[in-house]
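The values are calculated or read from the model by the stated rules, or taken from the named source; none is laboratory data. Since the structure is predicted, the reported quantities are computational estimates derived from the model, not experimental observations. Here the Cβ positions follow ideal geometry from the backbone for every residue, glycine too, while neighbour counts run over all protein chains shown.
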């Protein structure tokens, strides 16, 4: 029996009728970063202060009677501008207050909500200038992006299915079931040029067509939310900020391949994303959008949420499938591909969070609108987690083809030192694509980023991590950091990855500790090539990428360590020059008395000095100093 069809437009109209009489809306960013800095306390304090001022405040529209209200206080997912959080937005003025604290709440209520005045001290100021911007639309960090997929993140209440529907949510899914065939959906997605945003860049439409062609009565869709790259938080933010968009993408994918069951695989380190995804699934089931006879179409889809243990290798398709099946997450040789034989031996489509969140927009806006963004071979936009030595860290979204220069200097606000001060000509490199990616340098600042251009220079877009490094960064340390991560995350199944990553890490240790010679670098290069060619899965095949890229673009830095016993960045302890910090030295002479080679000089009561040429780094002076004034030993 066909159930009564859900009326999405009526739900949307009812929601808008509730919101219409409300004079103002205050949105508190409740993404993980802002929550960690006190956003929930700010939310509660704001509600309390508004009530104290005798204003009519709304915090739950489900219990709102549609009467005129003064203030609607809500939470959003990540608004992207993590560097400036916690963030508070006031509508309809569009004011954005940054670095908000609980102590600022009373002034926001008094000045803005009661007296209609801007709290100027809380607005954004461009780094190193006196230029201030009161509204999101004016801030370069936002103004120079194209927030296509992230457009609703930071505005919608992620725990309100009604608000999602009111913003045309699930309309594309309904269209897919009501007026499109599976073949038609696959073709539209294929023609759009959408490529997987998880790192591989494979055609999403082509993958779906492979799965659709399989003659099997049971098929699965898996949403890969096992985002494990250091410094990456794109998928987490989408799941936290717009979980219904992700679910809608899953529903459309299920229709496209003929699946009736889906899994959303989220790493357990993302508790907020897990919580909001679970709630979104429950709400969608209660509305008949998931479950039996969805949209009155006669089709069923069951959606399961599974928490992964946080193994980086489970980002690989076959390892993720093994984990869902209750096995140890280890990759399997391909073919057969998951689209042919995946979960429990059935045809399975696996897409990452961002890919699936893009699908509803393609169905609703059309493939041509999507292709207007990006490049010919990499259409659309890409989200990046911009971190490191850059003024404006956070989550950004730009069309493919955008240059690093625009991302780092226009959106990111420029390169900083360790204290956060803007430094001219301070850019050294950016690690793109996480531990599987590579380093891009000054010569790549004007490279148009897309899947193919990155691959052409030995890097990869990956899932979208961008770690900016300044000229104080040691590139050997960078390679060591990513190699240590990859070595720990290796599942150990194949010898090239299990043993090769361990030996590459040992060689990098030798370089950092002054134990290497010229032959070490050649051995490191050869070993990296062997691991890349011989490893079973993508983790091992791409593990050497940071070594390849740093050796290619910063070989002189490696040679300085190996041939000259010097770390140009002054970061490697083995090459650090011994020094007594004058501001900490009390002139007690304890170090001078203990030095066996007479390398320390100075008068009693005045800062001492170390002769680096005489010092043998025995550590006697460090043990004798009670003021921690000696470094480099």
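Taking segment 592-632 as the range and being under 14 Å from residue 579 (Cα atoms) and not in a loop (DSSP other than H, G, I, E, B) as the test, the residues that pass are 592, 600, 601, 609, 610, 620, 621, 622, 630, 631. Taking the conditions exactly as written (assigned by TED's automatic domain parsing to the domain that holds residue 269 and within 26 Å of residue 400 (Cα to Cα)), does residue 214 satisfy them or not? So residue 214 does not fit the description; no. Got at least one residue in segment 560-567 being outside any helix (DSSP H, G or I), closer than 29 Å to residue 391 by Cβ and modelled with pLDDT under 95? Yes, segment 560-567 contains a residue that is outside any helix (DSSP H, G or I), closer than 29 Å to residue 391 by Cβ and modelled with pLDDT under 95. Scanning segment 70-89 turns up one or more residues that are more than 26 Å from residue 273 (Cβ to Cβ), surrounded by 14 or more Cβ atoms within 10 Å (Cβ to Cβ) and outside the structural domain of residue 274 (by TED's automatic domain parsing).
Please go through segment 280-303 and pick out each residue that is in a helix (DSSP H, G or I) and either free of Cβ contacts under 8 Å to residues at least 24 places away in the same chain or over 29 Å from the mean Cα position of the chain (by Cα) (or both).
Listed by number, the residues that qualify are 282, 285, 286, 294, 295, 296.
Please return the ranges of helices (runs of 4 or more DSSP H) entirely within segment 147-258 where 2 or more residues are closer than 22 Å to residue 385 by Cβ. Even if it seems obvious, please write down each step before you answer.
Working: elements: 161-166, 171-179, 182-192, 204-212, 234-241, 243-257.
Here the list reads 234-241, 243-257.
The residues of segment 546-568 that are under 31 Å from the mean Cα position of the chain (by Cα), closer than 17 Å to residue 514 by Cα and surrounded by fewer than 16 Cβ atoms within 10 Å (Cβ to Cβ) amount to a single one, 555. Checked against (1) out of contact with any helix residue (DSSP H, G or I) (no Cβ under 7 Å at 6 or more places or on another chain); (2) farther than 17 Å from residue 208 by Cα, residue 328 passes all but a single condition, namely (1).
Screening segment 1-97 for helices (runs of 4 or more DSSP H) wholly inside it with 1 or more residues that are under 22 Å from residue 107 (Cα atoms) returns the ranges 32-36, 39-52.
Any residue at all in segment 444-465 that is assigned by TED's automatic domain parsing to the domain that holds residue 402, in contact (Cβ under 8 Å) with a residue 60 or more places away in the chain, surrounded by fewer than 16 Cβ atoms within 10 Å (Cβ to Cβ) and under 26 Å from residue 562 (Cβ atoms)? There is at least one residue in segment 444-465 that is assigned by TED's automatic domain parsing to the domain that holds residue 402, in contact (Cβ under 8 Å) with a residue 60 or more places away in the chain, surrounded by fewer than 16 Cβ atoms within 10 Å (Cβ to Cβ) and under 26 Å from residue 562 (Cβ atoms).
Looking only at segment 482-497, which residues are surrounded by fewer than 17 Cβ atoms within 10 Å (Cβ to Cβ), assigned to a helix (DSSP H, G or I) and under 29 Å from the mean Cα position of the chain (by Cα)? If you could, list the steps in order and put the result at the bottom.
Restricting attention to segment 482-497, the residues satisfying the condition of being surrounded by fewer than 17 Cβ atoms within 10 Å (Cβ to Cβ) are 484, 488, 492, 495.
This time we only want the ones that are assigned to a helix (DSSP H, G or I), so: 484, 488, 495.
Answer for segment 482-497, where residues must be surrounded by fewer than 17 Cβ atoms within 10 Å (Cβ to Cβ), assigned to a helix (DSSP H, G or I) and under 29 Å from the mean Cα position of the chain (by Cα): 484, 488.
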